[in-house]
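Some notes on the structure that comes next.
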Amino acid sequence: MKRLDQKSSFFWMIVSAITVFLSSKLPFGTFANPGAGFLPFLVGVLMFLFSLILFVQSFSKGEGMVKTLLAKGGTGRVLLILLSLILYGLFLETLGFILMTFLLMGFLLLAIGKVRRSLVIFLSLVSSLGCYGVFQLWLNVQLPKGIFNF
Amino acid sequence: MEILDSVLHGFQIVLQPANLFYCFLGCLVGTLVGVLPGLGAPAAIALLLPGTFHMSPVSATIMLAGIYYGSMYGGSTTSILVNIPGETASVVTCLDGYKMARQGRAGPALGISAFGSFIAGTIGVFILVFLSPPLANLAIKFGPPEYFSLMILGLTILTFLTKGSMVKGLIMACLGLILGSIGTDAISGMYRFTFNQLILYDGIGLVPVTMGLFGVSEVLLQIEEGVKREIFQTSFKGLLPTFKDWMDCKWAMLRGTLIGFFLGILPGGGAVVASFASYGLEKKLSKHPEKFGTGVIEAVAGPESANNAGSTGAFIPLLTLGLPSNVATAILLGAFMIYGLQPGPLLIKNHPDVFWGVISSMYLGNVMLLILNLPLIGIWVKFLKIPYAILFPFILLFSLIGVYSLNNSVAEIVIMAGCGILGYLMKKFDYEGAPLILAMVLGPMMENALRQSLMISRGSFLIFFTRPISLILFGTAIILLLLPLLGKFRRKITMAAG
């Protein structure tokens, strides 16, 4: 934990320094009439102090249980999921909800879940059409139709 | 008598067929999300929120509240049968509930947790009925300094109670305040940290952040670790606890209810803290504390009662002060605002239909949940048997729909994915997400209260210490912040002396 705490506290120090810098460009106002930058500036300073305390505390900590940050073989799956979510977001309005949901579910079930193909096709169809039915037709949630208009 | 009339009025509202249906739907969805690990009440509320826009505010709030307290019932099922808590508030139930299942007593464990939840939920609603109106009257006396002090206390309590380092909790609270300040400044109308991005002008949405930090990150962790669930094979005959079980549990349930309710009232408290506090207390009071962790029924009954009472108690600050005490009530607060309702001292006066309708729906909801969770337990267990490889794409899909449908914004999907990574790393580095979310919700309200207080006092921070209610709240927060330091100081003195 010692090294992890050092790394994370250092990261938060940078975040808080950026916050202080950005909020210093906003009007601070006076104590009697605080401006838009007043609270973010104070919070940024506080966050820097807390990060510094964590950084100092981490030196007095023992190594303790060694924790692996990334599980073996699992990192690829994590990255694939994140990538698929971002791609889903980027192409949702172009390709439409039904097609994108079919593709996303198919990919997640097949590539990550290692589910057999016949079941993948069935579940992808049911989920995309079922969700469209429930959310668009029943709950009146506006889902994108895309260039194919479905 | 006035309260009785109000409750009866509430029943008139909730017994309308549409409201009855939405109450049942909320309880059903709540139980389902409670049973399924990885999709908690906040995510489920956020998911169904867009679908409630065309409903009446009363029906919508009845349903969303049902999801919240319903998830507390369902959470225990996974804890007892799979040793994986369906809800964070059921973590402690794993300790003895799963051991009971392995000893062939899954039925009584499930039974007592459902009965305990029912009893606590019902007593909690009774207290809620009698406590809310006087508290709402007291809250009318609250000015900006009192609100600011109360919110500081809430954040301090949450960071104090988070497991692990309090400093990390405080860092998370600061991050939440910074995220909450993104967007348009309510007083000056100036854009802050928006970088000319249209999507940031209204601030970062709570739903994508919550879904990312809690839903997506949990999926990522489970997929990375390749979780294999072992569902305990057992028959569910004999769900009714024996007379001895009832005798062993009666005080645990009562204590759990009271602790749960009053911890639930505190901003930053809620069901999770309540369940741990109840377990600790039962262990301390038990004649056989060494048996805790080996399958003791009162260790299931107490925390399960506490988490239900805690979820009921959490409605007090929400309805009377307009302050959320946890993530789920924070999203409920957002929902109230979308429906054009302002939770707070005036809700009871301006919208009695909503106030008493929601409270009365909780009585009926608890009965529905008892029926859903005992005779239908076999159905919920079937959901648990769905392999995670099939379940996780659905969890992600529901999160995506929930986030997109709120504002029809693709950018919010990207924000959710980003928060998913953040939440995943936070869990790796031992940071808690709850202070971040609470601070993000309270941030804008806190800032307004702080700036208004300083304007009233012409720049003097003494205003927080010269008004009695504010002094008590702020003083308690300072004591809580100093407690860990005092502990360390005392240990140093003891070591030096001996």
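The values are calculated or read from the model by the stated rules, or taken from the named source; none is laboratory data. Here the structure is a predicted model, which is why all the values come from computation and not from measurement. Because the Cβ atoms are built from the backbone with ideal geometry, glycine has one as well, and the counts that use them run over all protein chains shown. Just so you know, the surface numbers come from the protein's heavy atoms only, side chains and all, with ligands and any DNA or RNA stripped out. Shrake-Rupley method; radii C 1.70, N 1.55, O 1.52, S 1.80 Å.
Going by what's in this entry, would A:L54 be described as in a loop (DSSP other than H, G, I, E, B), buried (at least 18 other Cβ atoms within 10 Å of the Cβ), at pLDDT 85 or above and at the interface with chain B (Cβ under 7 Å from one of its Cβ atoms)? Here the answer is no, as A:L54 does not meet what is asked. Being surrounded by 15 or more Cβ atoms within 10 Å (Cβ to Cβ), of a type in the set (A, V, I, L, M) and touching a Cys at 6+ places or on another chain (Cβ under 8 Å) holds for only one residue in B:I401, B:I331, B:I390, and it is B:I401. Against the list (1) open to solvent by less than 20 Å² (accessible area, probe 1.4 Å); (2) over 19 Å from the mean Cα position of the chain (by Cα), the condition A:Y88 fails is (2).
Quick check, is B:V367 away from chain A (no Cβ under 14 Å) and touching a residue at least 60 places away in the same chain (Cβ under 8 Å)? Taking the combined requirement at face value, the residue satisfies it.
Of the residues making up the range B:404-433, those that are more than 15 Å from A:L85 (Cβ to Cβ) and either buried (at least 24 other Cβ atoms within 10 Å of the Cβ) or at pLDDT 85 or above (or both) number 8.
Of the helices (runs of 4 or more DSSP H) lying entirely inside the range B:1-111, the ones with 2 or more residues being more than 17 Å from B:I331 (Cα to Cα) are found at B:2-14, B:17-35, B:57-82, B:91-102.
I'd like to know if the range B:22-30 contains one or more residues that are within 19 Å of B:L397 (Cβ to Cβ) and out of contact with any Cys (no Cβ under 8 Å at 6 or more places or on another chain). Within the range B:22-30 (the criterion being within 19 Å of B:L397 (Cβ to Cβ) and out of contact with any Cys (no Cβ under 8 Å at 6 or more places or on another chain)), the answer is yes, since at least one residue qualifies.
To keep it simple, each residue is scored yes or no on (1) farther than 20 Å from B:Y388 by Cβ; (2) at the interface with chain B (Cβ under 9 Å from one of its Cβ atoms); (3) aliphatic (A, V, I, L, M); (4) not in a helix (DSSP H, G or I).
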site: A:S84; (1), (2), (3), (4): no, yes, no, no
site: A:G89; (1), (2), (3), (4): yes, yes, no, no
site: A:L92; (1), (2), (3), (4): yes, yes, yes, no
site: A:L99; (1), (2), (3), (4): yes, no, yes, no
site: A:L123; (1), (2), (3), (4): no, yes, yes, no
site: A:Q136; (1), (2), (3), (4): yes, no, no, no
site: A:Q142; (1), (2), (3), (4): yes, yes, no, yes
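Taken together, the residues in the range A:17-43 that are over 18 Å from B:I187 (Cβ atoms) and more than 7 Å from chain B (Cβ to nearest Cβ) amount to 5. Of the helices (runs of 4 or more DSSP H) that lie entirely inside the range B:371-478, those containing 2 or more residues that are within 8 Å of chain A (Cβ to nearest Cβ) and touching a residue at least 24 places away in the same chain (Cβ under 8 Å) span B:388-407, B:410-428, B:434-456. Here the condition is being modelled with pLDDT of 85 or more and open to solvent by less than 10 Å² (accessible area, probe 1.4 Å); of B:S325, B:S361, it holds for B:S361 alone. Residues that are without any contact (Cβ under 8 Å) to a residue 12 or more places away in the chain and open to solvent by 50 Å² or more (accessible area, probe 1.4 Å) within the range B:271-284 comprise just one, B:K284. How many residues are open to solvent by 40 Å² or more (accessible area, probe 1.4 Å), over 30 Å from B:L36 (Cβ atoms) and more than 10 Å from chain A (Cβ to nearest Cβ) when one looks only at the range B:175-231? Residues in the range B:175-231 being open to solvent by 40 Å² or more (accessible area, probe 1.4 Å), over 30 Å from B:L36 (Cβ atoms) and more than 10 Å from chain A (Cβ to nearest Cβ): 6 in total. Scanning the range B:154-168 turns up at least one residue that is part of a helix (DSSP H, G or I), of a type in the set (V, I, T), surrounded by fewer than 24 Cβ atoms within 10 Å (Cβ to Cβ) and within 14 Å of chain A (Cβ to nearest Cβ).
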